[in-house]
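Undergrad: Following this message is one structure expressed as structure tokens.
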Amino acid sequence: MNNAPSMSADVVSLCAYSKINIHLKVLAKRDDDFHNLESIFQRISIADYLSIIKSGDAGGCIVKSPLMPLPAENTVTQAWKAFRVATGVNAGITVRLIKNIPAGSGLGAGSSDAAMLLKAANELFATHLTCFELMELALQVGSDVPFFLRDSAGIVTGRGELFEPIQARSDCFGILIWPEVQSSTKDAYSLLDRQKELHTGEYAAWGAEKLIAHYQRPLKAWRFVNDFQSALEQRYPIIARVRKDFYEQGAEFAQMSGSGSAVFGLFSSENAMASAFQGLAKRWGWCKPFLLLA
């Protein structure tokens, strides 16, 4: 889907698409205390919506989020601070944000919002930052943020800054369920680190060649993993119940995204997805169909 900015002289509006992790390996901890990752990221059609408006508040950033209260310091304000330092822009902005993506769901909501703030501000103030410069600013905000400035699915490695695009699958249909559990990324890493102490040798990287080949296989043949899933399902058994429900409703692949707690199910036909959605939507309050985006 095209996400070209809708803009006037003083306003830029964008969709901040969410993502799923089709595969996620958490590798060795780095000297900077981040973990190396190996993941397949793909954007999906569920999105937040934001408009950035010039204001008279010099340097300020007011975020209005009527559907979900946000802390005073959040990824959007962090992105704005990074942008101002890099560009010297002295004006202020008001951000109107419609939140459709739950916090603590593993869908990259805050990261996507931050990336779109950078993209929109670059348009609004005509600062002409290059893609590389925007990527550097994005990484200052968070490891996942650079991905949302890209236009393709891909393999993400390092702490999130290394990216290899892949030919995106768009031949399947998805349903996303958030079981109303807010999973803290920090807590998820702590759980996983404790689990690793008990189980060694299970966290080796697959490598790009294997990942790409596996990604092109039929959905029923997928054996992708999420290293966070086992630990999170032990803490929150409801996540395992969602996955079980997906398979009972005919999903060909179901997995938790990111560090939780949202779970996605994939189907190879639109009719199968629609039939499953009718049953699942009766049992789960936050249940939405989606498309995989290129």
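The values are calculated or read from the model by the stated rules, or taken from the named source; none is laboratory data. Please read these numbers as outputs of a predicted model, since none were measured by experiment. Cβ placement follows ideal geometry from the backbone for every residue including glycine, while neighbour counts extend to all protein chains displayed. With ligands, DNA and RNA removed, areas are computed over all heavy atoms of the protein, side chains included. Shrake-Rupley method; radii C 1.70, N 1.55, O 1.52, S 1.80 Å.
Undergrad: Among (i) 1.61; (ii) 1.00; (iii) 1.56, only one was calculated for this model; which label is it, if the read-out is Cα Rg over 2.2 N^0.38 Å?
TA: The listed entry that was calculated here is (ii).
Undergrad: A follow-up question, please. May I ask you to evaluate 6.51 cos²θ - 1.76 cosθ + 1.60, the Karplus curve with θ = phi - 60°, for each residue of the range 240-256 and list the ³J(HN,Hα) values in order in whole Hz, giving x for glycine and proline?
TA: Whole-Hz 3J(HN,Hα) from phi for the range 240-256: 5, 5, 4, 4, 4, 4, 4, 5, 5, 8, x, 4, 8, 7, 9, 7, 6.
Undergrad: Rounded to a whole number, what % of the accessible area of the range 1-120 do carbon and sulfur atoms account for, probe 1.4 Å? Show your work: numbers first, answer last.
TA: Working: 2540 of 4710 Å².
Result for the range 1-120: 54 percent of the exposed heavy-atom area is carbon or sulfur.
Undergrad: Grab the DSSP H runs of the chain that are 4 residues or longer, score each as -39,500 (n - 2.57), total them, divide by all residues and round the 222 nm result to the nearest 500 deg cm²/dmol.
TA: Values: 8 runs with 97 residues, N = 294.
Helix-only estimate at 222 nm: -10500 deg cm²/dmol.
Undergrad: Would you mind calculating the gained length between R169 and M68 on full extension (0.36 nm times residue separation, minus the Cα-Cα distance), in nm to one decimal? Intermediate results must be reported in sequence, preceding the final value.
TA: On the way: separation 101, 0.36 × 101 = 36.36 nm, distance 3.18 nm.
This chain segment gains 33.2 nm when fully extended.
Undergrad: Using Cα-Cα distances under 8 Å and only pairs 6 or more residues apart, what relative contact order does the range 134-236 have, in percent? Spell out each step's value before the answer.
TA: Working: 57 pairs, mean separation 19.6, N = 103.
This gives 19 percent for the range 134-236.
Undergrad: Heavy-atom accessible area per residue, the range 177-294, 1.4 Å probe: how many Å²? Walk me through the intermediate numbers first.
TA: Working: 6020 Å² over 118 residues.
Here the residues of the range 177-294 average 51 Å² of exposed surface.
Undergrad: Here's a follow-up. Assuming 0.36 nm per residue, please report the length gained on full extension of the stretch N3 to S184 beyond their Cα-Cα distance.
TA: Details: separation 181, 0.36 × 181 = 65.16 nm, distance 2.90 nm.
Result for the pair: 62.3 nm of gain on full extension.
Undergrad: Which of the chymotrypsin sites (Phe, Trp or Tyr not before Pro) across the range 209-294 are loop residues per DSSP, with 14 or fewer other Cβ within 10 Å?
TA: Working: sites: Y215, W222, F224, F228, F246, Y247, F253, F264, F267, F277, W284, W286, F290; in loops: W222, F224, W284, W286.
Here the chymotrypsin sites (Phe, Trp or Tyr not before Pro) that fit, given the DSSP loop and packing criteria, are W286.
Undergrad: Follow-up. Of the accessible area of the range 230-294, with the probe set at 1.4 angstrom, what percent is carbon plus sulfur?
TA: Details: 1390 of 2840 Å².
Of all accessible area on the range 230-294, carbon and sulfur atoms account for 49 percent.
Undergrad: Treating the beta-carbon of each Lys and Arg as +1 and of each Asp and Glu as -1, no other charges, what is the dipole magnitude of the range 54-127 about its Cα centre, to the nearest 20 debye? Could the numbers behind the result be given before it?
TA: Working: 7 positive and 4 negative charges, 18 e Å.
The calculated dipole for the range 54-127 is roughly 80 debye.
Undergrad: Assuming a ≥ b ≥ c are the square roots of the Cα gyration tensor eigenvalues, decide whether the range 169-294 counts as rounded (a/c under 1.5), prolate (otherwise, with a/b larger than b/c) or oblate. Write out the running numbers ahead of the final one.
TA: Numbers: a/c = 2.26, a/b = 1.24, b/c = 1.82.
Note, shape of the range 169-294 comes out oblate.
Undergrad: Ok, one more. What ranking do 98-106, 205-213 get when scored by the average of other Cβ atoms within 10 Å per residue, highest first?
TA: Values: 98-106: 20.3, 205-213: 13.3.
Those peptides, ordered most packed to least, come out 98-106, 205-213.
Undergrad: Here is a follow-up. Name the shape class, rounded, prolate or oblate, that the alpha-carbon gyration tensor gives for the range 91-182, where a ≥ b ≥ c are the square roots of its eigenvalues, rounded holds for a/c under 1.5, and otherwise prolate holds if a/b is larger than b/c and oblate otherwise.
TA: oblate
Undergrad: Would you mind counting up the charge near A251? Only other residues with Cβ under 13 Å from its Cβ, with Lys and Arg at +1 and Asp and Glu at -1. It would help to have the intermediate numbers written out before the result.
TA: Working: positive: K220, R243, K244; negative: D245, E248, E252.
Overall, the nearby charge balance is 0.
Undergrad: Something else: So who's got an amide H within less than 5 Å of the one on S55, skipping anything under 5 residues away but keeping other chains? H placed 1.01 Å off N, in plane.
TA: Amide H neighbours of S55, under 5 Å, 5+ apart: G92, I93, T94.
Undergrad: Distance between the C-alpha centers of the range 89-165 and the range 220-236? Whole Å please.
TA: 27 Å
Undergrad: Treat each spin label as a single point 7 Å out from the Cα along the C-beta direction, and report the R283 to S55 distance in nm.
TA: Calculated label separation equals 4.5 nm.
Undergrad: Let me ask something additional. How many nm is it between the label spots at V225 and Y247, if each spot is 7 Å from the Cα in line with the beta carbon?
TA: 1.6 nm
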